[in-house]
Amino acid sequence: ALCKQWLRSRGIDAIAEVSCIGGKTDEKGMTAAIEKARKAGDSVGGIVSCTVVCPPVGLGGPLEEGLESGLSAALFAIPGVKGVEFGDGFAITELRGSQANDPFRMDGGRVVTETNRSGGIQGGISNGEDIYMRVAFKPTATPTTSKATAMAVLIHLLSLAKRSTRPKATASTMNNTE
């Protein structure tokens, strides 16, 4: 809340909404996906779409101080985040360079991009367009299912090893070549 107030005092707003849960994008489908998983003792992942409205031009930098890398680092610090995309994200790989190009133009005395495919960040620097990003969250681990966890398997193997009747290896038996 404090961060939003600070941003708004500078004319910047940030909006976030759940845009996909369990592969469903409509509210009814998302609710059904959650309920179905819950009844099965399971969980679903989802995507949160975020927009930073009216960011100033020039935030970030072209190398390690890039805005995308800074935002990504902060987002990946959230447990369960498995993916972050800006603008057209992974879908832009299906375009040719001439299609992915985001040329600038004037709009009422303001410099804007034609498509904002870059999501408001070009070369690691904010360009003044709204910043669009999507954040993917994995389904939470589901201990109510019958799948064995790595720890349960390890405990089982250790208990079997303790019950083993094999003679223990010693230095003299290990060096025995007979």
Quick one: how many lysine pairs does the stretch 1-153 have with C-alpha atoms less than 24 Å apart and a gap of 8 or more or different chains? Give me the count, please.
15
List the residues whose amide H sits under 5 Å from the amide H of residue 83, counting only those 5 or more places along or on another chain, with H placed 1.01 Å from N in the peptide plane.
136
At a 10 angstrom cut-off on C-beta neighbours, averaged per residue, how do the peptides 126-137, 101-112 rank from highest to lowest?
126-137, 101-112
Peptides ranked, highest mean first, by Cβ atoms within 10 Å: ranges 58-69, 31-42
58-69, 31-42
Largest-first ordering by accessible area, 1.4 Å probe, given options 54, 20, 3:
3, 54, 20
Can you give me the long-range amide H partners of residue 14? Hydrogens built in the peptide plane at 1.01 Å from N, cutoff under 5 Å, separation of 5 or more residues or another chain.
53
Sort out for me the Cα centre separation of the stretch 1-70 from the stretch 77-103, rounded to whole Å.
15
With a 1.4 Å probe and all protein chains left in place, how much accessible area per residue does the stretch 16-150 have, in Å²?
62
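The values are calculated or read from the model by the stated rules, or taken from the named source; none is laboratory data. Nothing here was measured: the structure is a model prediction, and the numbers come from that model. Every residue, glycine as well, gets a Cβ built from its backbone with ideal geometry; the counts of neighbours run over all protein chains shown. Surface accessibility is based on the protein's heavy atoms, side chains included, excluding ligands, DNA and RNA. Shrake-Rupley method; radii C 1.70, N 1.55, O 1.52, S 1.80 Å.
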